[in-house]
Amino acid sequence: MKALKEQDPEIFSIIEKETTRQNENFELIASENFASRATIEAMGSVLTNKYAEGYPGKRYYGGCEHVDVAEDLARERAKKLFNADYANVQPHSGASANAAIYLVFMQPGDTLLGLDLAHGGHLTHGSPVNFSGIIYHPEFYGVEKDTGRIDMNKVRDKAKKVNPRMISIGASAYTRDFDYQAFRDIADEVGAFLWMDMAHTAGLIAAGELNDPLPVCDVVSTTTHKTLRGPRGGMILVGNDGENKLGVTARKSGRTKNWSEVLDSAVFPGSQGGPLMHVIAAKAVAFGEALEPEFVSYQKQVKANATTMANEFMDRGYNLVSDGTDNHLILVDLRSKGLTGKLAEESLDRAGITVNKNMVPFDTESPFVTSGIRIGSPALTTRGFGENEFKEVVRLIDTVLQKPEDEDVIHSVKTQVKEMCDMFPLYDFATTP
Ligand SMILES: *Cc1c(COP(=O)(O)O)cnc(C)c1O
C-alpha cells in the first residue's frame, strides 16, 4: 500500500489501525469473517474501473470481454457449490439481493410473512423502518418463549390468517436449523411463494452442515461475506428444477417468457445499476475456495466451536436462548446475571473481545440496551481457533462479565486476548506493499 501511504496518510493510518484491531482482538460478531488474501487482492484490483451494466455477453458497454469471464466463473462456481440452476452474483449486498426478490414476487401492498426482527429476523423481512415494511404489508411469526424455537403449527395458523403472497425464512439471530419442508407445505397450503434468506448460514449449508433450502424453496438469497467467507456482497440462487419452481411466476409477470431473465432484470435494471466487477471477481475467488475440501472441515469446525461455546456458557450458569445451537452462533440471555447487552458489549470491547448486544425474544429492554449478546464462531475459526481455544474464549468472557466495571480485570483479560491472538496470526499484508 505504498501509494496510499504516500498520498493519503490519514486513510492509510486508519487501515493500519483497523488491521491491528482485527489482528489483536477476539472477533466474535456472528455476521463477520476474515476473507482470504487472494479475495482481498481481487477486490483491490483495477476491475473497479469497469462499467458492465447488463450480463455476460449482453452488456451495455464495450470492453467487457474479460470481466464477462470473471462473472461467468463466479456464477458457475456458485451453481456448483449450491447445486443450483441459477445464480445472480451482482447484488451489491444481502439487502440488495432481497430488494430484487421483492420486485419479482411481490406487488406493493402484498403481504409478507416473515420472522419477527425482535425474535431474530432481519430488517429486510418487513421492518417498518425498511423498504420491505414500507412498500409491502408485513406480518410476523416468532419463536416460543419456553423453547426459543419456531413452532410450525403457529406459523401455519398465522399463514392461514394473513394469507401471505410470500413467506420468508432466514434470520440474523436464530440458533436452530429450519424445517424447510414444513414451510413448503404451509406455503403450498396458502398459495404463497417461499423464500429463504440464508445470509448467515450459507457457508454451513454449502458444506452440508445444515439443511439445504435450495431443493425446497422457490428462491434463495444470501450474503457472500458471512459464513461463506467471501467479499462483502449478495447473491440470488434458484435450486435445481428452476423451470418448475419459477416458470409460472415468470409467465404471469408478462415481462418475459424466461424465468431466469425475470430474476436477472429485477437486479439490473430493476434495482441496481452497474455491477461491482472487482467484488464479483472476488466472489469467484471465494467460491473457488469454498469448493475445496478444506472448506468443509472449516464449516464443521465452525459448528463444533459454537457448540463448545454453548456448553461452556451453560456450564458456567448462563441462560442461552434455545438452550444451545445448531449453527455458528449463540444468544446469551444476560437477565439472570443482572446485566444488559449494552454493558456487556462495552466492557468486553474494552477487553479486546468484540461481540454485539442483541435483543433476546420477549426482551424487556430497548433495542439500544437489550438483554443479550450474540456470539459467533466463524471469524475466530478462520483464524485457527479450535475447541480448546473457544473454551478459553468463554472463560475470558465470563471473567469480564463477572466484574464488568473492574479496570484491572479488563486489563488482564486484554493482555491474555492479545497473547492468544499472537499465537494465531491473521493478516500480515494489509498495510504492506
Ligand atoms: C446480514 C443479513 C442481510 C443483509 O446483508 P447486508 O449485506 O448487510 O445488506 C439480510 N438478511 C439476513 C438474514 C442477514 O443476516
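Restricting attention to segment 383-400, which residues are outside any loop (DSSP other than H, G, I, E, B) and open to solvent by 20 Å² or more (accessible area, probe 1.4 Å)?
From segment 383-400, those outside any loop (DSSP other than H, G, I, E, B) are 387-400; that's our starting set.
Within segment 383-400, 387, 388, 389, 391, 392, 395, 399 qualify.
Do we find that residue 208 is within 21 Å of residue 380 (Cα to Cα), more than 14 Å from the ligand (Cβ to nearest atom) and of a type in the set (Gly, Ala, Ser) in this structure?
When the stated conditions are applied, residue 208 passes them.
With respect to the numbered conditions (1) within 14 Å of the ligand (Cβ to nearest atom); (2) open to solvent by less than 10 Å² (accessible area, probe 1.4 Å); (3) of a type outside the set (S, T, N, Q), which one is the sole condition not fulfilled by residue 178?
(2)
Inspect segment 349-372 for any residue being touching a residue at least 12 places away in the same chain (Cβ under 8 Å), out of contact with any Asp or Glu (no Cβ under 6 Å at 6 or more places or on another chain) and part of a helix (DSSP H, G or I) and give the result as yes or no.
Taking every residue of segment 349-372 in turn, at least one turns out to be touching a residue at least 12 places away in the same chain (Cβ under 8 Å), out of contact with any Asp or Glu (no Cβ under 6 Å at 6 or more places or on another chain) and part of a helix (DSSP H, G or I).
With the condition kept exactly as written, say whether any residue in segment 7-26 is of a type in the set (A, V, I, L, M), in the same structural domain as residue 86 (by the TED database) and in a helix (DSSP H, G or I).
No: segment 7-26 contains no residue that is of a type in the set (A, V, I, L, M), in the same structural domain as residue 86 (by the TED database) and in a helix (DSSP H, G or I).
Can you find a residue that is within 16 Å of the ligand (Cβ to nearest atom), in contact with an Asp or Glu (Cβ under 8 Å, 6 or more places away or on another chain) and in the same structural domain as residue 140 (by the TED database) anywhere in segment 246-266?
Checked segment 246-266: no residue is within 16 Å of the ligand (Cβ to nearest atom), in contact with an Asp or Glu (Cβ under 8 Å, 6 or more places away or on another chain) and in the same structural domain as residue 140 (by the TED database).
Considering only segment 124-135, how many residues are surrounded by fewer than 17 Cβ atoms within 10 Å (Cβ to Cβ) and under 18 Å from the mean Cα position of the chain (by Cα)?
Qualifying residue count, segment 124-135: 0.
Please specify each residue of segment 228-248 satisfying the condition of being of a type in the set (A, V, I, L, M) and without any contact (Cβ under 8 Å) to a residue 12 or more places away in the chain.
Listed by number, the list holds a single entry, 248.
Does at least one position in segment 51-58 carry a residue that is in the same structural domain as residue 276 (by the TED database) and free of Cβ contacts under 8 Å to residues at least 12 places away in the same chain? Spell out how you get there, then give the answer.
Going residue by residue through segment 51-58, those that are in the same structural domain as residue 276 (by the TED database) are 51-58.
Narrowing further to those that are free of Cβ contacts under 8 Å to residues at least 12 places away in the same chain: 57-58.
Yes, some residue in segment 51-58 is in the same structural domain as residue 276 (by the TED database) and free of Cβ contacts under 8 Å to residues at least 12 places away in the same chain.
Select from segment 136-164 the residues that are open to solvent by 40 Å² or more (accessible area, probe 1.4 Å) and within 16 Å of the ligand (Cβ to nearest atom) and list them in ascending order.
140
State the number of residues belonging to segment 187-204 that are of a type in the set (D, E, K, R) and either under 19 Å from residue 82 (Cβ atoms) or within 15 Å of the ligand (Cβ to nearest atom) (or both).
Selection size over segment 187-204: 1.
What do you reckon, is residue 333 more than 14 Å from residue 208 (Cβ to Cβ), acidic (Asp, Glu), modelled with pLDDT of 95 or more and more than 22 Å from the chain's Cα centre (by Cα)?
no
Give the residues of segment 19-45 that are under 27 Å from residue 345 (Cβ atoms), in contact (Cβ under 8 Å) with a residue 60 or more places away in the chain and of a type outside the set (A, V, I, L, M, F, W, C), sorted by residue number.
19, 22, 23, 24, 25, 27, 31, 32, 33
Looking at 101, 167, which is the one that is farther than 26 Å from residue 359 by Cα, open to solvent by less than 10 Å² (accessible area, probe 1.4 Å), within 16 Å of the ligand (Cβ to nearest atom) and among the hydrophobic types (A, V, I, L, M, F, W, C)?
It is 101.
Got a number for residues in segment 1-58 being surrounded by fewer than 17 Cβ atoms within 10 Å (Cβ to Cβ) and in contact with a Leu (Cβ under 8 Å, 6 or more places away or on another chain)?
Residues meeting the conditions: 3.
List pairs: first residue in segment 207-224 and farther than 23 Å from residue 259 by Cα, second residue acidic (Asp, Glu) and open to solvent by 10 Å² or more (accessible area, probe 1.4 Å) anywhere in the structure, Cβ distance under 8 angstrom, at least six positions apart or on different chains.
210/177; 210/326; 211/177; 211/179
The values are calculated or read from the model by the stated rules, or taken from the named source; none is laboratory data. Predicted model only: the values in this text are computed from it and were never measured. When we count neighbours, we look across all protein chains shown, and the Cβ atoms used for this are built from the backbone with ideal geometry, even at glycine. Heavy atoms of the whole protein, side chains included, go into the accessibility calculation; ligands, DNA and RNA do not. Shrake-Rupley method; radii C 1.70, N 1.55, O 1.52, S 1.80 Å.
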